[in-house]
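Here's the structure we're looking at; comments come further down.
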Amino acid sequence: MKLRALEISEVNSYIKRVLTNDAILYNLKVKGEISNLKVHSSGNVYLSLKDEKSKINCVIFKNNYNKDFQLGNGSKVIANGYISLYERDGSYQLYINDIEIEGLGNLYIEFNKLKEQLSKEGLFDIKYKKSIPTMPKSIGVITSETGAVIRDIINVIKRRYPKVNIKLYPVNVQGHQSKYDICDGIKFFNKENNVDTIIVGRGGGSIEELWSFNEEIVAREVFNSKIPIISAVGHETDFTICDFVADMRAPTPSAAAEIATPNLVDLEYKLENIKNRLTRSMINQVNFDKNRIDYVFEKISNYLKLYTIKDKITQIDKIYDKINFEIENTISIENERLKNIGTILHNLSPLATLDRGYSIVHKNNEIVNSIEQIRLKENLDIKLKDGNIKCSVESIEGKEV
């Protein structure tokens, strides 16, 4: 009997049914350490569970993901779920229904403990971050001399800004001795003071391989550096203590090279724009000054033509001032004379008499100046300086002769 050749999709579908119908694989409890954790924009979580010898890919659908759990790389967990096949890729995965944290890996615990300690001491504070020079003359690189990191950094810098000097301080980037090598490199550049920026970095790896950059002595040496340091350790998702202490963190060594240098093409473009603006500005200023000079010369020419007329006008102004002075002087004299006449007239005025305490007697709007004009019981008006008095004559006494 000849067997029919199966399509790949048929094989994957069959394997999926076998896995799904297995009593153990369909209700599985697995213990391991999380790595490669990624929360997708859809809300689903992708990760791997590993032990010392193996790993298995896992998926937590968003409905089963408890965001209150502080899951992270290095977390030791116990996961409940089932094994099934992702038919498109032919890969099996653990589909996790629920998960509980068993504990954290020792290195991860050390990492968080040191991170919290240094943070409290202020080593991560923004106020201590030094600015990265925009146009460095020399850049110091502390990394392995044989790895891809130094080649990537050199290639990026030579492409962007070939004028800068690159000075390599070769170190071991993992192993017991590496932390001392990194510290020696930072001390060397600070002692020589021969670079403007320092890049400390290496390629990606596990937390164990990156651990030299989580050592306390490295963190303190980075913090104490007088020269700005860019940390470029691992890949974009890798974070080390060195990243937090450094003046700037780059997601990759290539990105560190871009941060440390300007783009020569951009600089030339900016310089060309500045040159063009300066040229236009100078041309505009020259034209403006030329117009001003032409205007001034035209005014001078007109002044010269009108010089004789203006001289006569000046003479007229002087004559006017003299006449005006004579008029004002005459008016002043006449004002004084009128004032004197007014004083004399005031002294002769009946009002002045009233001011001295005298009064004026009226009868029927006529001034009374003799008792011959008055009869008993007649009404009289007496005018004083501050008002009038109406009175009746009670008696008349003549002046004895």
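The values are calculated or read from the model by the stated rules, or taken from the named source; none is laboratory data. If you're wondering where the values come from, they're calculated on a predicted model, not measured in any experiment. Glycine gets a Cβ as well: all are built from the backbone with ideal geometry, and neighbour counts include every protein chain shown. In case anyone asks, the SASA skips ligands and DNA or RNA and just uses the protein heavy atoms, side chains included. Shrake-Rupley method; radii C 1.70, N 1.55, O 1.52, S 1.80 Å.
Meeting the requirement of 1 or more residues that are at negative phi and of a type in the set (G, A, S), the strands (runs of 3 or more DSSP E) wholly within segment 25-104 are 28-39, 45-50, 75-86, 91-104. The set of residues in segment 206-215 that are open to solvent by 30 Å² or more (accessible area, probe 1.4 Å) and not in a helix (DSSP H, G or I) comprises S206, I207, E208, E209, E215. Is it the case, given these coordinates, that N369 is within 30 Å of G398 (Cα to Cα) and either surrounded by 10 or more Cβ atoms within 10 Å (Cβ to Cβ) or modelled with pLDDT under 75 (or both)? When the stated conditions are applied, N369 does not pass them.
Screening H235 with (1) modelled with pLDDT under 90; (2) more than 34 Å from the chain's Cα centre (by Cα) gives one miss only, at (2). Hey, could you check segment 154-173 for residues that are part of a loop (DSSP other than H, G, I, E, B) and not β-branched (V, I, T) and say which is least open to solvent (accessible area, probe 1.4 Å)? Top of the filtered list is Y161.
If you check V77, V39, V45 for being touching a Cys at 6+ places or on another chain (Cβ under 9 Å), within 23 Å of F239 (Cβ to Cβ) and of a type in the set (V, I, T), only one passes: V45. Which pairs have Cβ atoms under 8 Å, sit 6 or more apart or on different chains, and link a residue in segment 244-257 that is closer than 20 Å to N112 by Cα and modelled with pLDDT of 90 or more to one that is in a helix (DSSP H, G or I) and of a type in the set (F, W, Y)? Close Cβ pairs (under 8 Å, with a partner that is in a helix (DSSP H, G or I) and of a type in the set (F, W, Y)) amount to V245/F223.
For E102, are the conditions met, namely being closer than 20 Å to L28 by Cβ, in contact with a helix residue (DSSP H, G or I) (Cβ under 6 Å, 6 or more places away or on another chain), at pLDDT below 85 and not small (G, A, S)?
Details: closer than 20 Å to L28 by Cβ: yes; in contact with a helix residue (DSSP H, G or I) (Cβ under 6 Å, 6 or more places away or on another chain): no; at pLDDT below 85: yes; not small (G, A, S): yes.
Criteria not met by E102.
Note on segment 124-153: residues that are part of a helix (DSSP H, G or I), open to solvent by 60 Å² or more (accessible area, probe 1.4 Å) and in contact (Cβ under 8 Å) with a residue 24 or more places away in the chain total 2.
Of the residues making up segment 338-366, those that are assigned to a helix (DSSP H, G or I), of a type outside the set (A, V, I, L, M, F, W, C) and either at pLDDT 85 or above or open to solvent by less than 100 Å² (accessible area, probe 1.4 Å) (or both) are N340, G342, T343, H346, N347, P350, T353, D355. The single condition from (1) closer than 24 Å to D51 by Cα; (2) open to solvent by 30 Å² or more (accessible area, probe 1.4 Å) that K120 fails is (1).
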